[in-house]
1. On the given criteria, is PRO49 modelled with pLDDT of 95 or more, out of contact with any Ser or Thr (no Cβ under 8 Å at 6 or more places or on another chain), closer than 19 Å to VAL179 by Cα and part of a loop (DSSP other than H, G, I, E, B)?
2. Residue under question is ARG154, and the condition is that it be at pLDDT 95 or above, basic (Lys, Arg) and either surrounded by fewer than 19 Cβ atoms within 10 Å (Cβ to Cβ) or over 30 Å from GLY217 (Cβ atoms) (or both); does it hold?
3. Using beta carbons and a limit of 9 Å, which pairs, at least six apart or on different chains, have the first residue in region 78-103 and within 15 Å of ARG338 (Cβ to Cβ) and the second one assigned to a helix (DSSP H, G or I) and acidic (Asp, Glu)?
4. Would you confirm, using the coordinates I've provided, whether VAL236 is out of contact with any Phe, Trp or Tyr (no Cβ under 6 Å at 6 or more places or on another chain) and either closer than 24 Å to GLY10 by Cα or touching a residue at least 12 places away in the same chain (Cβ under 8 Å) (or both)?
5. Return a yes/no flag: does region 174-194 have any residue that is surrounded by 21 or more Cβ atoms within 10 Å (Cβ to Cβ), modelled with pLDDT of 95 or more and assigned to a helix (DSSP H, G or I).
6. Take region 269-279 and flag every residue that is loosely packed, with under 13 Cβ neighbours inside 10 Å and at negative phi.
7. Considering every residue within region 201-222, establish whether at least one is among the aromatic types (Phe, Trp, Tyr) and surrounded by fewer than 24 Cβ atoms within 10 Å (Cβ to Cβ).
8. Look at ALA241 and say whether it is surrounded by fewer than 24 Cβ atoms within 10 Å (Cβ to Cβ), in a loop (DSSP other than H, G, I, E, B), modelled with pLDDT of 95 or more and small (Gly, Ala, Ser).
Amino acid sequence: MKLLLTGGAGFIGSAVVRLAVARRHAVVNLDALTYAACIDNVAPVADSPLYAFEHADIRDRAALDRVFAEHTPDAVLHLAAESHVDRSIDGPGDFVETNITGTYNLLEAARAYWGGQGRPESFRFHHVSTDEVFGSLPADPQVKFTEETPYDPRSPYSASKAASDHLVRAWHETYGLPVLLTNCSNNYGPYHFPEKLVPVVILNALAGRELPIYGKGENIRDWLYVEDHADALLTVLEKGAVGRSYNIGGENERTNLDLVRTLCAILDELRPKANGTYADQIAFVADRPGHDARYAIDPSRIRQELGWRPSVTVEEGLRRTVQWYLDNEAWWRPLQDRQGVGQRLGTGRPAAQAAGAE
């Protein structure tokens, strides 16, 4: 299978690129290489004859038409997106342009290509989204997001992803485009851009800086190891029913505070401090505006229909992640110089302190 994968130099996209090539799929990686992208993420497969790179933006329709015509993919895996909630609070326009308008352009380019190929039944357009489109859950552990949960986005980021989800469904219902949708929980793992919670905690801890936690750290997230997510996305692409959506969860709910404490304990073991513990660096900071209390996914559909479930517990995944950052300073060190990294974003005020983020 030849895949056109958008956003393949990003965190989740690059994990899918690496896994897809390892499974002998041909991959065309289309990426605009914006601030959170890193082409080194795909270095392990860059020399493979199965891999090709296209430096292009999903907002550029002419570029998309050219890529479809030149590479004739069998499927689209659409991951390109602006994804940082705090940045969406400070600058929502980029999220509207990329996540909504960009998805529209990609849908239209895919529809034109699919029609020009004679509307093959085997073609797929797989749109990758987030559980944040569903809003916030109560603390009751029995209540989780399902594929039927009504949309209730609370941030500019989640609103833009909700809009793109609706566009994809509309292109299926109106034009018959064979689509698949997935909504995932919080990802973490190797190659995670250093503005999100897990890498921020690891790198701040190593640098002796505060480990900032929003509010009281009581917000709950379901944590999904990125390589498990990549496996799930390929499973849905290969086995999912056209027009169907699948929620992908890690089955690992933790409060932000518990997650940070777990990271500190792993660091204490793998890179002990001369004095004290990394947990001594925890600092509670002003909460994010509109911070959702809890996300949790019911993964029954993907487990029952496609036989997929996560393979890594959060403790195992965090240990792998910490070790990867300890071993790969040459990867993360240059990224810390990019705009906004290491600053508190999403407050509406000038950046004045290190960021904690999701």
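1. Numbers: modelled with pLDDT of 95 or more: yes; out of contact with any Ser or Thr (no Cβ under 8 Å at 6 or more places or on another chain): yes; closer than 19 Å to VAL179 by Cα: no; part of a loop (DSSP other than H, G, I, E, B): yes.
So PRO49 fails the test.
2. On the way: at pLDDT 95 or above: no; basic (Lys, Arg): yes; either surrounded by fewer than 19 Cβ atoms within 10 Å (Cβ to Cβ) or over 30 Å from GLY217 (Cβ atoms) (or both): yes.
Considered against the rule, which asks whether it is at pLDDT 95 or above, basic (Lys, Arg) and either surrounded by fewer than 19 Cβ atoms within 10 Å (Cβ to Cβ) or over 30 Å from GLY217 (Cβ atoms) (or both), ARG154 comes out as no.
3. Pairs found: GLU82/ASP94; GLU82/GLU97; ARG87/ASP94.
4. Numbers: out of contact with any Phe, Trp or Tyr (no Cβ under 6 Å at 6 or more places or on another chain): no; either closer than 24 Å to GLY10 by Cα or touching a residue at least 12 places away in the same chain (Cβ under 8 Å) (or both): yes.
The answer is no for VAL236.
5. No: zero hits.
6. Here is the first cut: in region 269-279, the ones loosely packed, with under 13 Cβ neighbours inside 10 Å are 269-270, 272, 274-276.
Selection gives GLU269, LEU270, PRO272, ALA274, ASN275.
7. Of all residues in region 201-222, those among the aromatic types (Phe, Trp, Tyr) come to 214.
Within this subset, residues satisfying the condition of being surrounded by fewer than 24 Cβ atoms within 10 Å (Cβ to Cβ) are 214.
The answer is yes; a qualifying residue exists.
8. Values: surrounded by fewer than 24 Cβ atoms within 10 Å (Cβ to Cβ): yes; in a loop (DSSP other than H, G, I, E, B): yes; modelled with pLDDT of 95 or more: yes; small (Gly, Ala, Ser): yes.
The answer is yes for ALA241.
The values are calculated or read from the model by the stated rules, or taken from the named source; none is laboratory data. Quantities reported herein were computed from a predicted structural model and do not represent experimental measurements. Counting neighbours? That spans all protein chains shown, and the Cβs are built from the backbone with ideal geometry, glycine included.
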